[in-house]
Amino acid sequence: MKIKNSKKTSVSDEELVRNLMGGYAENASVLEQENQILKQTVTQLKRELERFHQPPLLVAEVKEIMDENAILRLNNGNEFFVGIGKGLNELKSGDSVLVEQKNLTIVKVIPVAKTFNVDKFVIVEKPKIKWSEVGGLDHQINEIKEVVELPLKKPELFKKIGIHPPKGILLYGPPGTGKTILAKAVAASTDSNFIEIVGSELVQKFIGEGAKMIKEIFQMAREKAPSIIFIDEIDALASTRIDIGTSGEREVQRTFMQLLAEIDGFKPLGDVKIIGCTNRKDILDPAVTRPGRLDRLIEVPLPNIEGIKQIFAIHTKNMTLDKRINLDKVHKNLDEYSGAEIKAVCTEAGYFAIRANRTRILEKDLLEAIKKVKRDENLEGDDYLRMFG
Ligand SMILES: Nc1ncnc2c1ncn2[C@@H]1O[C@H](COP(=O)(O)OP(=O)(O)OP(=O)(O)O)[C@@H](O)[C@H]1O
Ligand SMILES: [Mg+2]
């Protein structure tokens, strides 16, 4: 009996111990897992901390390579003679690079496209403006067709005759006379991409990057060909007044040089055309209009009476005009008004009618509007002058 009994207890003890051990083993594996996770978190945090301790790298441009060293240009225009880090065998001048802050050693090359994306800064569109929406500029339209449209549409014609069409044109004239819509209309008629850059923006927004920006814009134009590069306010880049004193002026000069280089690099019969635009032809650097560059100059003046008639008709096409309006009188009153002002007159006349609860525009609405547009402009002109004391 006794033996039997003791046997019984020892079995249950064994079981008990096994169960207990099993429990601990389970516990231990959970703890081990937990430990592992904590360890991972610690290493991650350590890495993060390290990153915070790292000094930032500078972005610079390689100007020239000299064996083991390079001449580096920082964004502010300063140049340094520096060492090149290991493994950067394929470094070229013109590359964008990351450099150490203290000794400016080149650490890494960054692809140009990564420094900024031109697509983000430049408007590329396919305009839909028709020739019929441009009034009073028949002579200018013909010339643009000859220089821009024909070479894009029939390059073989020029090859046969053996002449090179101009690479681009320069439109000049007072504000609001239709230069931009002319350029857009030719882009539309040739189904080209219209790439618009504004000279003053290029100079002010992309300090230190202007030249590179120009390079990339022309690159993009070639990729998206047929395309028209429209440079508004080209005088901001190509002005004779710049007298290379400050670094800002040097920067403008560099951007301008890059522009000339790009224009020179073009084949005249390629499918990229350049249209420059300015209100200030008088201050333009003649380098930009030299033969082989934007050498076709087209003046876009204020409209004459025939032009006024056409522009007025274009902008009142969808308006309900009273039959009794003496159109001749209205046209005469619009003398010296630009296309943009004529458009503004039409809009204002519409407002006068709305205020009087009419849907039909009367002669007096138009005459009032004509006065208002000039008056508002004069007021703004005065404000403008007052701003400068
Ligand atoms: N000849 C024109 N025919 C029809 N509309 C015109 C004409 N000229 C100007 N306009 C109207 O005026 C608006 C402004 O014209 P546009 O932008 O082409 O002027 P611009 O000459 O480029 O002026 P800026 O020199 O100020 O850039 C156009 O959207 C158009 O509606
Ligand atoms: Mg314009």
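Every read-out reported here was derived from the displayed coordinates using simple, explicitly stated rules and does not represent laboratory data. The structure displayed is predicted, hence computed values, not measured ones. Using ideal geometry, Cβ is built from the backbone for each residue, glycine included, and neighbour counts are taken over all protein chains shown.
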Q: Taking only Cα atoms and a 10 Å spring cutoff, compute GNM fluctuations for the chain and point out the largest among Gly23, Gly210, Gly350.
A: Gly23
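Give the calculated FRET efficiency between Asn304 and Asn76 to the nearest 0.05, with a Förster radius of 41 Å applied to their Cβ-Cβ distance.
Working: r = 51 Å, r/R0 = 1.24.
That gives a FRET efficiency of 0.20.
Given only helices, namely DSSP H runs of n ≥ 4 each adding -39500 (n - 2.57), what is the per-residue ellipticity at 222 nm of the chain, to the nearest 500 deg cm²/dmol?
Values: 14 runs with 189 residues, N = 389.
Rounded to the nearest 500, the figure is -15500 deg cm²/dmol.
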Q. If we restrict to alpha carbons, what Rg and Dmax does the chain come to, in Å?
A. 35.4, 136
Q. Given labels modelled 7 Å from the Cα in the Cβ direction, how far is it in nm from Arg360 to Lys332?
A. 2.4
Q | Between helix 339-355 and the chain: long-axis angle, C-alpha atoms, 0 to 90°, nearest 10 | A | 90
Q. If you rank Phe230, Phe218, Phe52 by fewest surrounding Cβ atoms within 10 Å, what's the result?
A. Phe52, Phe218, Phe230
Q. Based on Cβ point charges of +1 for Lys and Arg and -1 for Asp and Glu, what charge dipole magnitude is obtained for the chain about its Cα centre, in debye rounded to the nearest 20?
A. 1160
Q) Does the range 305-387 come out rounded, prolate or oblate, given a ≥ b ≥ c as the square roots of the eigenvalues of its C-alpha gyration tensor, rounded meaning a/c under 1.5 and, failing that, prolate meaning a/b above b/c? A) oblate
Q. If the cut-off is 19 Å between C-alpha atoms, which aspartates and glutamates fall inside it for Lys46, apart from same-chain ones fewer than 8 positions away?
A. Glu34
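If you count the DSSP beta bridges with both ends in the chain, what percent of them are antiparallel, to the nearest 5? Please report the intermediate quantities before stating the final value.
On the way: 22 of 44 bridges.
Within the chain, antiparallel bridges account for around 50 percent of the total.
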**Q.** All lysines inside 16 Å of Lys167 as judged from Cα atoms, apart from same-chain residues fewer than 8 positions distant
**A.** Lys145, Lys153, Lys154, Lys159, Lys267, Lys273
**Q.** Listed residues Arg18, Arg375, Arg254, most fluctuating in the chain (Gaussian network, C-alpha, under 10 Å)
**A.** Arg18
Q | Leading residue at positive end of dipole, the chain (Cβ point charges), from Val99, Ile37, Ser227 | A | Ile37
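Would the range 58-114 count as rounded, prolate or oblate if I go by the C-alpha gyration tensor, calling it rounded below 1.5 in a/c and otherwise prolate when a/b exceeds b/c, oblate otherwise? Write down the numbers at each step before the final one.
Numbers: a/c = 1.26, a/b = 1.04, b/c = 1.21.
The shape class here is rounded.
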Q | Acute angle (nearest 10 degrees) that the helix 247-265 long axis makes with the longest principal axis of the chain, alpha-carbon atoms | A | 80
Q: Starting with the fewest neighbours, write out Ser29, Ser239 ranked by other beta-carbon atoms found within 10 Å of each beta-carbon.
A: Ser29, Ser239
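How do Lys179, Lys46 rank when sorted from fewest to most other Cβ atoms within 10 Å of their own Cβ?
Lys46, Lys179
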